[in-house]
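Undergrad: The structure under discussion is supplied below as structure tokens; questions concerning it will follow.
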Amino acid sequence: MHRVVVTGASGTLGRNFLELVGHRSDFRVLALHRANSRLGGEWPSVQPLAVQSLERSSLGVHIAGFQPTCIVHCAATGMEFPRTQWFDLIRFNVDVPLSLCECAAAIPGCHFIFISTGLCYREQGRPLREDDPVDTQHPYGASKAAADILMRSAAAEFGVPLTVLRPFSFTGMGDDRTRLFPSLLRSALEGKSMALSAGTQIRDHCSARDIAAGILAAVQRPPSREQSSRIFNLGSGSLQPMRPMIEGLVEELKIPATLSFGERPFGRFEPLHLVADTTLAQRELGWQPQHRFAHALWQLAHESFPQLSLQEPTEHL
């Protein structure tokens with residue numbers, strides 16, 4: 001029996017993870033979400049818990065009482081618009097995982113899965129490997145990089161089995177706020193032109209369901225006793241620039257969007273080449289993407305923008 005605590009259960013990754021395990025008899029999940037948010041459904045194996053804060057003082061009793069075999073920390077801030085203030089972003093993305101790791105350290109054998117990001121890496125101009133330098137000035141990436149390093153130090157110090165997952169870009173059900181692809185769908189729905197950068201940056205995009213499947217694979221294959229921590233990239237490995245990728249999605253799904261490339265500058269500290277090498281995850285977790293990104297975007301539109309009548313693409317790779 002897997003007893004899993006999930007933070008950020010109302011977010012995109014949390015939602016897709018609950019979809020994968022919520023009907024399984026070998027899982028019990030304590031799903032933590034913000035008091036002003038709601039989960040995207042109901043599942044027999046999931047116990048929701050609305051919380052005001054993710055500080056250890058307020059969560060320790062709930063976590064200790066649940067006695068998890070694994071804590072999956074999906075909650076984060078800093079990728080929505082308007083951006084979280086810099087110091088608030090650092091405090092949340094660094095302090096909260098350390099507090100939860102402290103909770104895990106008090107439960108013998110509790111596996112901690114920390115969701116980091118591909119944005120933590122120093123740009124290399126090629127697909128990124130797990131042993132590449134963690135070094136960036138991107139605010140969200142820097143906050144996750146700092147937590148990434150501290151989590152691995154804490155795991156070694158206190159004997160916490162730790163898995164760090166570094167997902168690259170993704171979308172799918174639950175991604176209905178202000179990131180790129182929901183903003184594209186919202187612009188199409190409102191009949192407005194979508195202002196974009198030149199689109200020459202190379203990005204790795206994956207279905208949120210596939211990233212959630214990577215989390216599930218990590219839960220089911222915890223680190224060995226000899227490992228204090230391990231790291232896996234999760235992504236598609238695609239080397240396609242943003243402009244042809246977005247134009248291809250608009251054409252395939254028949255999105256009534258007006259795209260204005262070059263009307264916005266590149267984001268400050270935005271990497272121009274962000275692609276995952278997922279060889280390690282394939283070898284050690286048995287994970288690789290199964291779903292087409294176009295179908296993930298169609299699912300998001302079907303669920304959150306039903307007024308858009310889009311053409312359903314093929315689902316599997």
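The values are calculated or read from the model by the stated rules, or taken from the named source; none is laboratory data. Because the structure is predicted, anything quoted here is derived from the model rather than measured. So basically every Cβ, Gly included, is an ideal-geometry build from the backbone, and we count neighbours across all protein chains shown.
Undergrad: Which of the numbered conditions does E130 fail, given that it passes all the others? Conditions: (1) closer than 23 Å to S229 by Cα; (2) of a type in the set (D, E); (3) part of a loop (DSSP other than H, G, I, E, B); (4) within 15 Å of the chain's Cα centre (by Cα).
TA: (4)
Conditions tested, residue by residue: (1) touching an Asp or Glu at 6+ places or on another chain (Cβ under 9 Å); (2) among the aromatic types (F, W, Y); (3) over 22 Å from R166 (Cβ atoms).
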{"residue": "G237", "(1), (2), (3)": "yes, no, no"}
{"residue": "S260", "(1), (2), (3)": "no, no, yes"}
{"residue": "P265", "(1), (2), (3)": "no, no, yes"}
{"residue": "H273", "(1), (2), (3)": "yes, no, no"}
{"residue": "W287", "(1), (2), (3)": "yes, yes, no"}
{"residue": "S304", "(1), (2), (3)": "yes, no, yes"}
{"residue": "H316", "(1), (2), (3)": "no, no, yes"}
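Undergrad: Taking the options V51, V46, V6, V29, name whichever one is in contact with a Leu (Cβ under 9 Å, 6 or more places away or on another chain), farther than 24 Å from S207 by Cβ and not polar (S, T, N, Q). Walk me through how you get there before you give the answer.
TA: Numbers: V46 fails: farther than 24 Å from S207 by Cβ; V6 fails: farther than 24 Å from S207 by Cβ; V29 fails: farther than 24 Å from S207 by Cβ.
Residue meeting the stated conditions: V51.
Undergrad: Does segment 207-220 contain at least one residue that is in contact with an Asp or Glu (Cβ under 8 Å, 6 or more places away or on another chain) and of a type in the set (A, V, I, L, M)?
TA: The initial filter retains those residues of segment 207-220 that are in contact with an Asp or Glu (Cβ under 8 Å, 6 or more places away or on another chain), namely 208-209, 212.
Checking which are of a type in the set (A, V, I, L, M) leaves us with 208, 212.
Yes, that holds for at least one residue.
Undergrad: Same structure again: Here are P313, P306, P265, P223: which of them is surrounded by fewer than 20 Cβ atoms within 10 Å (Cβ to Cβ), in contact with a His (Cβ under 6 Å, 6 or more places away or on another chain) and not in a strand (DSSP E or B)?
TA: Within the list P313, P306, P265, P223, the selection yields P313.
Undergrad: Only residues in segment 278-290 that are touching a residue at least 40 places away in the same chain (Cβ under 8 Å) and under 16 Å from S207 (Cβ atoms) count as the first member; pair them with residues that are among the charged types (D, E, K, R) and part of a helix (DSSP H, G or I), Cβ under 7 angstrom, at least 6 apart or cross-chain, and list the lot.
TA: Listed by first residue and then by second, the contacts come to P289/D210; Q290/D210.
Undergrad: How about segment 156-185: which of its residues are among the polar types (S, T, N, Q) and within 13 Å of D210 (Cα to Cα)? Even if it seems obvious, please write down each step before you answer.
TA: Going through segment 156-185, the residues among the polar types (S, T, N, Q) turn out to be 163, 169, 171, 178, 183.
Listed by number, the residues that qualify are S169, T171.
Undergrad: Within segment 86-112, which residues are within 14 Å of I149 (Cα to Cα) and among the charged types (D, E, K, R)?
TA: D95
Undergrad: Next question. For segment 54-77, how many residues meet the condition of being at pLDDT below 95, part of a loop (DSSP other than H, G, I, E, B) and crowded, with 19+ Cβ neighbours inside 10 Å?
TA: Of the residues in segment 54-77, 1 are at pLDDT below 95, part of a loop (DSSP other than H, G, I, E, B) and crowded, with 19+ Cβ neighbours inside 10 Å.
Undergrad: Are there any pairs with C-beta distances below 9 angstrom linking a residue in segment 208-225 that is touching a residue at least 12 places away in the same chain (Cβ under 8 Å) to a residue that is among the acidic types (D, E) and surrounded by fewer than 23 Cβ atoms within 10 Å (Cβ to Cβ), with the two at least 6 apart or on different chains, and if so which?
TA: Pairs that qualify, where the first residue is touching a residue at least 12 places away in the same chain (Cβ under 8 Å) and the partner is among the acidic types (D, E) and surrounded by fewer than 23 Cβ atoms within 10 Å (Cβ to Cβ), are R209/E19; A212/E19; R221/E284.
Undergrad: Of the numbered conditions (1) under 19 Å from the mean Cα position of the chain (by Cα); (2) of a type outside the set (G, A, S); (3) over 24 Å from L272 (Cβ atoms); (4) not in a strand (DSSP E or B), I113 satisfies every one except a single condition; which is it?
TA: Looking at each condition in turn, I113 falls short on (4).
Undergrad: Just one of T279, T258 is over 21 Å from the mean Cα position of the chain (by Cα), surrounded by fewer than 18 Cβ atoms within 10 Å (Cβ to Cβ) and among the hydroxyl-bearing types (S, T, Y); which is it?
TA: Details: T279 fails: over 21 Å from the mean Cα position of the chain (by Cα).
It is T258.
Undergrad: If you don't mind, another one. Can you tell which of D95, D132, D88 is surrounded by fewer than 18 Cβ atoms within 10 Å (Cβ to Cβ), on the phi < 0 side of the Ramachandran plot, modelled with pLDDT of 95 or more and touching a strand residue (DSSP E or B) at 6+ places or on another chain (Cβ under 6 Å)?
TA: Details: D95 fails: touching a strand residue (DSSP E or B) at 6+ places or on another chain (Cβ under 6 Å); D88 fails: touching a strand residue (DSSP E or B) at 6+ places or on another chain (Cβ under 6 Å).
Step by step, each of D95, D132, D88 is checked, and only D132 is surrounded by fewer than 18 Cβ atoms within 10 Å (Cβ to Cβ), on the phi < 0 side of the Ramachandran plot, modelled with pLDDT of 95 or more and touching a strand residue (DSSP E or B) at 6+ places or on another chain (Cβ under 6 Å).
Undergrad: Assigned to a strand (DSSP E or B) and closer than 22 Å to P289 by Cβ, is that true of I231? Full working, then the answer.
TA: Numbers: assigned to a strand (DSSP E or B): yes; closer than 22 Å to P289 by Cβ: yes.
Yes: the conditions hold for I231.
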